[in-house]
Structures are given as structure tokens and as C-alpha cells.
1. What distance in nm separates the simple spin-label points at residue 367 and residue 27, each placed 7 Å from Cα in the Cβ direction?
2. Would you pull out the residues with amide H under 5 Å of residue 451's amide H, same chain only if 5 or more places away, H placed 1.01 Å from N?
3. Between residue 406 and residue 262, what length in nm is gained on full extension when 0.36 nm per residue of separation is reduced by their alpha carbon distance?
4. Could you tell me how many degrees, from 0 to 90 and to the nearest 10, lie between the Cα long axis of helix 176-191 and the main elongation axis, the longest principal axis, of the Cα atoms of the chain?
5. Assuming 1.567 mPa s and 4 °C, estimate D for region 313-392 with Stokes-Einstein, Rh taken as the Kirkwood radius over Cα pairs, in µm²/s.
6. Divide, for region 129-342, the radius of gyration over alpha carbons by 2.2 N^0.38 Å, where N is the residue count.
7. Compare the Cα positions of 354, 408, 51 along the charge dipole of the chain (+1 at Cβ of Lys, Arg; -1 at Cβ of Asp, Glu; about the Cα centre) and return the one farthest towards the positive end.
8. For 267, 353, what ranking results if the residue with the fewest other Cβ atoms within 10 Å of its Cβ goes first?
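No value in this document is a laboratory result; all are computed from the given coordinates. Just so it is clear, the model here is predicted, and its values are computed rather than measured. Here the Cβ positions follow ideal geometry from the backbone for every residue, glycine too, while neighbour counts run over all protein chains shown.
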Amino acid sequence: MSKNKLLPILAVLIVLILISYSGKKPEERITVKYTADFNSVFPNPERGWHNRRDVDGRNGDDDRDFSDVRAAGHTLVHSYLRLDDFRETDRIPQSYLDDLQEALDAVRAQGLKIILRPTYVWDEEHSVPEARILGHIEQINCVISANAEIINHLEAGYLGMWGEWHSGRYTELSNKREGDTRYRIVEKILNTTPNTIPIAMRYPMHLREILDELPVPEGSEPLTQTQRDRLGHHNDCFLFNEDDRGTYARKDLWFGDQTLNHQKQYTFDLITSYGGNKIMGGETCSPAIDRIENTQAEMAYANWSEININFWGEAINKWKNRMLPAIGNDPAESEFDRISRKLGYRLRLIDATFPTSATAGESFIISANLSNDGYAGIIKKRPIYLVFDNGTERYNIDLPEVDVRKWVSGCFQLKPQTVNLPLNMQSGEYKLALWIPDAAPKLQRRSEYSIRFANQNLWSESKGYNVLFESVRINP
């Protein structure tokens, strides 16, 4: 054999010898398939049924006890902030604000989040001037901002009966001057609260007015893209009749001659600049649900995240008594149970691919296929971590390129994520997990604020993460 032919063979032999002496084996990667849970109803943060409460002290000590909400498997409460007593005064008393702070402390203690709506009147029209409203917004939002981590979202409120932007001063859509006031009120709410808090508006026409139609009033600034992304919708007469009791009926200005279906499509098409869903919630408004057969379709089209379980009780009972056949991955069940499972997000892990061993200080690559079986995506920004936990040492490795808000309904991929393992990582066997905690440092270590996957035998309630594999070997 010639010398030239021997050289390539010798080169290969040298490489093989070097590999064998290095003591390293080729990385073994496996794909693990996970068992779905298509049936269970379990709590997850920032989604589901909300319980109506009054947290401003008007009903006594029961406003501080939310243990039954958590016991029912719910994670949200909703409260009006009744400002009736302050319609004639420019300043809200500190005692009222202190009482609100006590209530928010109680919400936090129970591992819940809250939806708030300020209102001046219950069953009458009010005439509180704009300047006074803006001053009250600033006071209220000082407390809200200090507790932003447990505010699920705000409903715009302040105007009209029940803060629903109808039947009162500044609510007439065709009045341009009142339109300027509405803009300034929304602008004030946005400017005096953190960008982490979404704002839901009652009527699509007011939402469209602010986002798409109304010229920016003199002295105001155009909304930033982040602020525009924060604005969503709450429908407080869901399925009452063809137009949801006027929710979609006002065609006199921005919607022109568009049909009701076109108006609904406007809300169905609402999406953020980063591709996620906007906040969508509300309630029924009478014992009647004239369009009950549209429940599933409209909740899915509009990406509902939450709804009132206390109002109206008769309407809720109609959902409980209406049986639905199995379809797709949904089992035969009551309409109530299907709503309970699918409100907001319901993340399910299909499979994941990763190595069963790795070396401290070197790279680790993971990818996965998932599905969101809920009506909507995750609304608020959250981190996601790849966790290595051996019971003594726990390493939380951030996946900074992943925005979980983009995980809207349907199947999607967690594209290959390459992370660098800590150089000082202790050798041994580790559980491998995915952890999606709250973004707020105060809440990150509380498992009730972390997201559970809809799979069997993955969730660790004590740790707040989803276990992908029981034993990954880390070599020194």
C-alpha cells in the first residue's frame, strides 16, 4: 500500500484513539412522549372563572377572606371599587386607599390575582368632571402599581353605570369632545400603571375609537405600541341576544354600516404586536342565554381568558345542565366543565428531545412539541426555565429567547434551545423540568403562581414545575 493511501487511515485512527482517551462518549439523545390529560379541571394562574367580591370594605370582614376561592380551584377574584362617596370631592381619603391595600394583601396571601373596576354609580347617571376623574385615577393607581404583581388586569371603568361606559357623562360615542375625554382617561390609566397590567374596555366601538379612529387630542401623546397591546375587551352581556345587549349594536360612527358579524370579527381579530392574544373576559347579564349554542365557538374566536362564575347563577346553571358530545380531544362533558378546562391557556406537552447525560460547563440542547388546548394564550409575560434538580442542588437556566405569550391555541414547537450548563454544577443524577413561574420576583417561588401542563404525572406542586425526565446524568 502506498504512503499516500496510508495517511488518511492513520488520521482516522489517531482521532479514534484521542476520543477513547478523552473518556467522553457521544451524547445520547432521546425523545420522550408524554401522556395527555384531556379530562381534568385544575387551577392555573391568570385564567378561569372569577369570583365576585367587594374588596373596598363595604361589606365587612368577609372581603378579606378568599379561602373559598382557592378551595373551589379558582385563581381570580373580581371587584368593583365603589367611588360613590367621592363624586363631590377631589381627593379620595387615605383610609379608603389603606383599606384597598389590606384587601390586596389578603388576595396575595391566598395565592390569587384580582380584576378591578372603579365606578362612581350603580344604577344612575353621574356627572363627575374629567379633572376629578383624572385625579382619582392617579390616587387609585398608586395603590394598584404598588401591588402590580397580583393585579390580573383592570377594567377601564369610571364612566357610566357600573363603570361600563354607557348611560352617563362622557359615554356618547358621537360626541367628539367627549371622545377626547375618553382618550385622556385611557391615557391616564395607562400612564399611571405598569406595562405589565392589561386594560379591558367594555365596548368594541370605544376600543376602536381609541386604537384606530380618534385623532390624538391636543396635549396628549399617541399611545405607544406597548400601551396599544395592553388594551383588550370585556363583554358583560355574553350571549344575551344577537348583539349581546348592545355590545355590538352601536353602528352610528366607527363601524358605519358593518353587520354585527363584522363588528364581532373586529374583536376576534384583536392581537398584539408580538403575536399574542389580548385580554378578554366578562360575564353573562341575565338568566337568559339566547345563543347558548354559540358558547364554544365565540369563546374560542374571541380568545376568552376569564368569566364571572357568580353572575348570573341561572345562566351558569344552563351551562352545567347542557351536555356536549365528545369532539376532537374534548371528552363528552357538560358545557360548564368544558369552559372550566379551556378558559385561557391549557398547555400540553406532546414530546421533548434532549440528551440523557451532559457535562458541567458545556452545552445542553432541548426541543419540544406542545399544544395549547385552551381558548387563548398566556396574556402576561413570563419567564421559562430549564431546571436541573437533584433534591439538594437546583439550577434554573433561563430560556431568554422564548416568549410564552406567543403560545396561542393549537400545536406549536419549542425550537431547539441551547443552554450552557454552569461550570461548577455538581455531578450526579438530576430531574429535568420546565418551570414557568410568575414574572414578579415576589411570586416566583410560590407554586400556585406557576403554570401546570395538562399532562399526567408531570406536575410537582411543591416545586411548581413540570418534570420532563427523572434522571439526567451530569458529568464533571
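1. Here the modelled spin labels are 1.3 nm apart.
2. Here the answer is 436, since their amide H atoms fall under 5 Å of that of residue 451.
3. 49.3 nm
4. Approximately 40 degrees, to the nearest ten.
5. Reported coefficient: 79 µm²/s.
6. So region 129-342 has a normalised radius of gyration of 1.06.
7. Positive-most Cα among the choices belongs to 354.
8. With the fewest neighbours first, 267, 353 line up as 353, 267.
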